[in-house]
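The values are calculated or read from the model by the stated rules, or taken from the named source; none is laboratory data. The structure presented is a predicted model; accordingly, all values stated were derived computationally and were not measured. Here the Cβ positions follow ideal geometry from the backbone for every residue, glycine too, while neighbour counts run over all protein chains shown. Heads up: the accessible areas ignore ligands, DNA and RNA and are worked out on the full protein's heavy atoms, side chains in. Shrake-Rupley method; radii C 1.70, N 1.55, O 1.52, S 1.80 Å.
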2 protein chains.
Amino acid sequence: MTANSQSGLLDPDRIAVIGATDRDGSVGRALLENLSTFEGEVIPVNPNRQQVLGMDCYRTIGAVPEPPAIDLAIVAVPATVAVDVVRQIGAQGVEHVVVITAGFSETDQAGRKREQELTAVADEYGLTLVGPNSVGVMSTSTGLNATFLEVYPPEGSLSLVSQSGAFIAAVMGWAVQHDIGFNHVVSLGNEAVVDETDFIAQWDDDPQTDVIVCYVEDIDDGQQFIEVAQAVTKNTPVVAIKSGRTEAGAEAAASHTGSIAGSEDAYQAGFEQAGVLRALNIQDVFTFGQVLAGQPPLDDTRIAIVTNGGGPGVLAADSVDDSQLALADFEADVSSELDDLLPDAADVTNPLDIIGDADLDRFESALDSVLAAETVDGVVVLSVPTALYEFEELAEIIGSLHQEYGKPVVACLMGGEPADRAADVLTAYGVPNYFDPERAVSSLEALADYGEIRDREYETPMSFDVDREAAREILEETVERDIDFLGTEAIGILDAYGIPTPAGEIVDGPGDAETAAERINGPVVMKLVSPDIIHKSDIGGVEIGVPAAGVADTYRMLRERARQYDPEATVLGVRVEALVDPDESTETIIGSKRDSQFGQLLMFGFGGIFVQIFQDTAFRVAPVTEREARRMTEEIQAAPMLRGARGRRPADLDSLVETLQRISLLISDFPAITELDVNPLVVSPAGVSAVDVRLTVDRKQLSDTR
Amino acid sequence: MTANSQSGLLDPDRIAVIGATDRDGSVGRALLENLSTFEGEVIPVNPNRQQVLGMDCYRTIGAVPEPPAIDLAIVAVPATVAVDVVRQIGAQGVEHVVVITAGFSETDQAGRKREQELTAVADEYGLTLVGPNSVGVMSTSTGLNATFLEVYPPEGSLSLVSQSGAFIAAVMGWAVQHDIGFNHVVSLGNEAVVDETDFIAQWDDDPQTDVIVCYVEDIDDGQQFIEVAQAVTKNTPVVAIKSGRTEAGAEAAASHTGSIAGSEDAYQAGFEQAGVLRALNIQDVFTFGQVLAGQPPLDDTRIAIVTNGGGPGVLAADSVDDSQLALADFEADVSSELDDLLPDAADVTNPLDIIGDADLDRFESALDSVLAAETVDGVVVLSVPTALYEFEELAEIIGSLHQEYGKPVVACLMGGEPADRAADVLTAYGVPNYFDPERAVSSLEALADYGEIRDREYETPMSFDVDREAAREILEETVERDIDFLGTEAIGILDAYGIPTPAGEIVDGPGDAETAAERINGPVVMKLVSPDIIHKSDIGGVEIGVPAAGVADTYRMLRERARQYDPEATVLGVRVEALVDPDESTETIIGSKRDSQFGQLLMFGFGGIFVQIFQDTAFRVAPVTEREARRMTEEIQAAPMLRGARGRRPADLDSLVETLQRISLLISDFPAITELDVNPLVVSPAGVSAVDVRLTVDRKQLSDTR
């Protein structure tokens, strides 16, 4: 799809409706009726009608007199003829098509074949095609409503792209009621040709779109999505809700759309890296969308709460503490200013309780001081109704002070009808109003999140001097040995990528073991090396802290355990390694898994129970930048341990961050690695040491990319 | 307060308003005007008026002609005369008083003194006194509005008691707008006499109250609250929101009310044990309140979702997975029934997507089958607007099927005005309607939580045969030695309470250490015993796995480390203990701290990083029952480790649960123990072993309770 190709799609002058009809209850009729608000020309096409709803009707699109050219064709014909109709549209030189017709890949084998034909026709003619199985498109600035829905939203600056038509149907009526305005609304349907990434790219340059809102079920090409969204979200916030987040949800989605979405870990990482704000429920989608459309991002996280109600003020403070925001401190000059203007009974603290007998003047002067304060990045005005002022007048004060200072302000005018009337006043200033203080705080958090995204500098992943050929040779052992899996014997792949491994060697006799241990000079770790024994610890295949005198016996014991576990197992030997001091070191895991949508996914976490039971892990789509790798080490819950909690010396975080980037490079260089586990990667103040490795390989892909 | 004393308070026949006036903008006038809807008699009292708003006004309450007697006096006079006025009220024999007047303990020292006098007068006359600093009380069934607020809620079955008057002011207008009905509303103010516990107790027997809703800032007597609420919540759900949950919130609350609330851990545990449903934001308070008022509790957690919109259905499934609910499985007969009635394109799965062309008949038959299914405990009906049916008709179907089956049903009719009209239909059936599927699911979760509470059987904490005198003797060492803290030397207190400790003894010479180690016969643990060295590990005061040959040297080394750390430290010796096999054992912690509101608080968690960084802990107010102790071991995140995760044998959970109960008994027997840490308590398949103990004692209290 070319860069400007949707301008004709969502800003056409002349539209043909193929399948136009006046039959009651038909999609074709609903479309025509909805299009009556459109500023441009609408032309019905139907081989069986001469007139439809008073308009001249043409047998085919080819029969429509030109010029002017038709910019957009809406297709609402039976599935059996839809592909032919689209071919005629393409042949006629029309560039934009919305296929409402259902009965494609969402149904059965015949439908999937039909969709392949449709895509082929679109490719042949270079069509920008939305659908099939779309409920249509809307664009409020020209009154365009090319859908068969019963509701049409007010004009506004949110643009919505949704894989689910039902989602659009569900939210539009609610949007009308809550005066949430939209610019464009696109129902993607089966995404045979265009998808959300195309519209996100397009709407970045749209002056009438302030915020892009997405309902996502799956993302076909995760890497492209990240690339496009990183560029767009520097200027235009993108808010997404992804259905099928959970196991139950993903199963339901698979049953509903037939698609297998990638893993939640991948989406979580992908959205974060793309700079996309994620909403977990429908209410948040529009809370975030609205506040981002009306308010500037937060420069920092320091929030002030101004209230005439102590109790609700405390609830707001609780919400700030739950969030990633913080309560601002007032500096001495601000405090003394506030102290002067407030009655004696009021404390100058944050939340700033200007107490129940506050009138408009007190609200205004308190707000003025707080907004002027350098330590305040954003404000929640929380107001309980009293007989001393009207909400609408307070709303005017809030709005104009917001305008004067340009800092983000959100309101909680708590009440019924009067609060709603005041909310209309606030809306004119772009200030959202909420009943619940928690939502006000969470809307400010979205502004802070977007502030961080806007200020991001996306770097290029670092390059390292690595030995790709050595790594490839090790991976190709799988082809030679006709296996998918490599274990400790593949540790050389880490050496090839410059990742430190413990001093040590693989031996195949008790005498050699003793010699290896002598070279290490100190207690050693001894472990079986066998591609057939995956969980070595479980069969006693690892012995830690073996003194010199016990090395030969331990060698024999390990071989015996392997034999007892599986007499057929190939045992390549026993690895003898230096023991890392456990008091100074932490066992971590760096892993990867290949995701069907996002590609290589890099994982970091602490070993053992931390990953398995606490699921205390960080994921990123590879390749990662230095910043992203560092964030991974910071965002796991156990991170304080690395920074030197509990009286320990801090670990060598720089080495850890570099290792994450080197592994990221490895899995990016070799997409054929479907899973990899460096476990444990021992991290200590002296550096890192990759003690063991396991990986699985897609041998076919490996050979293909030779 | 006696059991029925509020009936006069909230159901009076004759009310006197002291401080009645017709002065514009005064509280006295607002009260009188609001009382105009009251069914009974209202009598103004004011020494300076003969008539107020057309009513005869009396100089004092004593001047009001009787009979009939006055049931309730509302006081809105200046703070300086308020105590005298209340004394006159008491002398007149009026039993119920609401003091609106502010200027008591919420202000300054003089105010605190004034409040003490008020309490004394109330005690003298046995008054049921609400306030001072209350916004008043409401009771809709008699039109009673003894507040100065501008809004009055519709009649309903929620009764609200709130410490914050601003909270009441904030939510009432919103309640009017959203048609949320109340029976009683009480603003507690400073709680000089009555508090939330009194009203919770009272409303249990009130046939017009289906759900009790509380806004809580602090709870004076946590143990009494738990006792009362446990009894009430068997019949009447109690929903509470507690402000000052977080550190920032608690600071704000302290500044706002001057009260120091107990710890969040204590409230969390206290509410759980009391059977009180906790809401974390204002919206949830009323979401939970409404659904509990309209719907029966869930018997189990199996939910079905019936929808005509695939995408929103998946979002609902995500929310179920996030919650403690589960998606119901349909048994074969139900599946085949559904299969018969749905079109071919629909899959019989849960969420049950009856697809976009569903009409009312299909909704009705699908809902009928699902509600009849034995494996379904509750249903979410999720409906996207289409041209094929009207929401209001669907609402009738949902309502009557709910009535027929009596199972909990909540609705998500997603849309604007038409959904609101349908919601009115649903309300008549007690079925709540939500726009966001997440809220619908969370309301069902509240019904499940209440189902669990309703079915609880509160046991008595178990009694154990312990040696209280031996324990007391050890604790009294603090008095003798003039210290607050005891360490390893107090381990006998665990022996006295029947808690296993490792075989071992305290020795004070290298030779004795060797003898002790010989008796143990195997590697030992050696640790310094000193009341002056609290964190022994940090100074190398604990050596683990010392072989027989190293015992004497280790003894000398430990003494030397103690000397280097602090030459003045009292060292009582070195404890030599058997080493527990680390592969089979888990280090846990049982601790306690004394909370200012709830008393002794028992804590359980895993040792080290788990408590300190993950804060993976479980708390209960002591004494705990066997059920509560078991839940503590189940609810920490690391619990799977105890049950035998990662190929280990399961730990001896029964011994752990018994140990929790024994420690609970210990701290209940000795409230003078202000903090206690059994750390580590090693748990293995063979049982538990309390390896070390630390405790602090309130010596004065210990002596007083001798």
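For the range A:400-466, GluC sites (Glu not before Pro) are listed when DSSP marks them as loop and at most 13 other Cβ atoms sit within 10 Å of their Cβ; the list is A:GLU457, A:GLU459. The spacing between the range A:16-87 and the range B:376-434, judged by their C-alpha centroids, is 37 Å.
Do any of A:LYS234/B:LYS242; A:LYS242/A:LYS700; B:LYS242/B:LYS700; B:LYS113/B:LYS242 go past 30 Å between their Cα atoms, and which? Too far apart for the 30 Å limit: A:LYS234/B:LYS242; A:LYS242/A:LYS700; B:LYS242/B:LYS700. Coordinate range of the alpha-carbon atoms in the range B:242-391 per principal axis, descending: 65, 32, 25 Å.
What is the mean number of Cβ atoms from other protein chains located within 10 Å of the Cβ atom of each residue in peptide B:411-419, rounded to a whole number? Please report the intermediate quantities before stating the final value.
Details: counts 0, 2, 2, 9, 10, 9, 5, 4, 4.
Mean number of neighbouring Cβ atoms from other chains: 5.
Plainly put, the tip 7 Å out from Cα toward Cβ on A:GLN403 is 5.3 nm from that tip on each other copy, the closest given first. Debye-formula intensities of the range A:542-637, expressed as log10 I(q)/I(0) at q = 0.10, 0.19, 0.21 Å⁻¹, are -0.48, -0.97, -1.01 (one equal scatterer per alpha-carbon, no solvent). Comment: the Cα-to-Cβ extended label point of A:LEU280, at 7 Å, lies 0.7 nm from its counterparts in the other copies, nearest first.
Shown for A:ALA428: label points 7 Å from Cα along the beta-carbon vector, and their distances to the equivalent points in the other copies, 4.0 nm in ascending order. The mean sequence distance of close C-alpha pairs (under 8 Å, at least 6 residues apart), as a share of the length of the range A:364-424, puts its relative contact order at 43 percent.
Interface burial in the range B:422-459, defined as at least 20 Å² less accessible area with all protein chains than with the chain alone at a 1.4 Å probe, covers B:PHE435, B:ASP436, B:GLU438. Charged neighbours of B:ALA122, selected by a Cβ distance under 11 Å, balance to -4 (K, R count +1; D, E count -1).
Give, rounded to the nearest 20 debye, the magnitude of the charge dipole that chain A has about its Cα centre when Lys and Arg contribute +1 at Cβ and Asp and Glu contribute -1 at Cβ.
2440 debye
Between the range A:550-587 and the range B:161-225, the alpha-carbon centres lie 66 Å apart. Using only alpha carbons, the protein assembly as shown has a radius of gyration to Kirkwood radius ratio (Rg to Rh) of 1.00. What shape does the range B:1-117 have by the C-alpha gyration tensor, where a ≥ b ≥ c are the square roots of the eigenvalues, rounded means a/c under 1.5, and otherwise prolate means a/b greater than b/c and oblate the rest? Judged from the Cα gyration tensor, the range B:1-117 comes out oblate (a/c at least 1.5, b/c at or above a/b). May I ask for the angle, rounded to the nearest 10°, between helix A:79-91 and the longest principal axis of chain A, with both axes built from Cα atoms and the value confined to 0 to 90°? Orientation of helix A:79-91: about 80 degrees from the principal axis. A Förster distance of 56 Å, applied to the separation of the beta-carbon atoms of A:GLU390 and B:GLU457, puts the FRET efficiency at 0.55. Max-minus-min Cα coordinates of the range B:515-560 on each principal axis give 30, 16, 15 Å, with the largest extent listed first. The label point for A:GLN701 and the one for B:GLU473, both projected 7 Å from the Cα toward the Cβ, are 7.2 nm apart. Relative to the longest principal axis of the Cα atoms of chain B, the long axis of helix B:109-125 makes an angle of roughly 70 degrees. Measuring heavy-atom accessible area with a 1.4 angstrom probe and counting protein chains only, the residues of the range A:282-331 that give up at least 30 Å² relative to the chain alone are A:ILE282, A:GLN283, A:GLY311, A:PRO312, A:VAL314, A:LEU315, A:ASP318, A:ASP321, A:ASP322.
Partners of A:LYS527 within straight-line reach, counting lysines whose Cα lies under 23 Å from its Cα and excluding those fewer than 8 residues away in the same chain: A:LYS536. The Cα atoms of chain B give a gyration tensor whose axes a ≥ b ≥ c have a/c of 1.5 or more with a/b no greater than b/c, which makes the shape oblate. Distance between the modelled labels on A:HIS535 and A:ALA69, one decimal in nanometres: 6.4 nm (7 Å Cα→Cβ projection). Here is how the number arises for the protein assembly as shown: DSSP H runs of 4 or more residues each give -39500 (n - 2.57), the sum is divided by the residue count, and the result at 222 nm is -12000 deg cm²/dmol. Taking all Cα pairs closer than 8 Å and separated by 6 or more residues, the relative contact order of chain A comes to 8 percent.
For B:ALA686, the residues whose amide H sits under 5 Å from its own are B:ASP652, ignoring neighbours fewer than 5 places away on the same chain, with H placed 1.01 Å from N. Using 0.36 nm per residue and subtracting the Cα-Cα separation, the extra length available between A:ALA332 and A:GLN230 on full extension is 32.6 nm. Between the beta carbons of B:GLN208 and B:GLN324, assuming R0 = 30 Å, the FRET efficiency works out to 0.45 to the nearest 0.05. Carbon-plus-sulfur accessible fraction, the protein assembly as shown (probe radius 1.4 Å, protein heavy atoms only): 45%. The C-alpha atoms of chain A define a longest principal axis, and helix A:165-177 lies at about 50 degrees to it. Of all chain B C-beta atoms, the nearest to the rotation axis linking B with A is recorded, alongside its rounded Å distance, as B:PHE614, 3.
Relative to its residue count, the range A:186-244 spans a Cα convex hull of 82 Å³ per residue. Rolling a 1.4 Å probe over the protein heavy atoms gives the range B:604-706 an accessible area of 36 Å² per residue.
Each Lys and Arg adds +1 at its Cβ and each Asp and Glu adds -1 at its Cβ; summed about the Cα centre, the protein assembly as shown shows a dipole of about 1360 debye.
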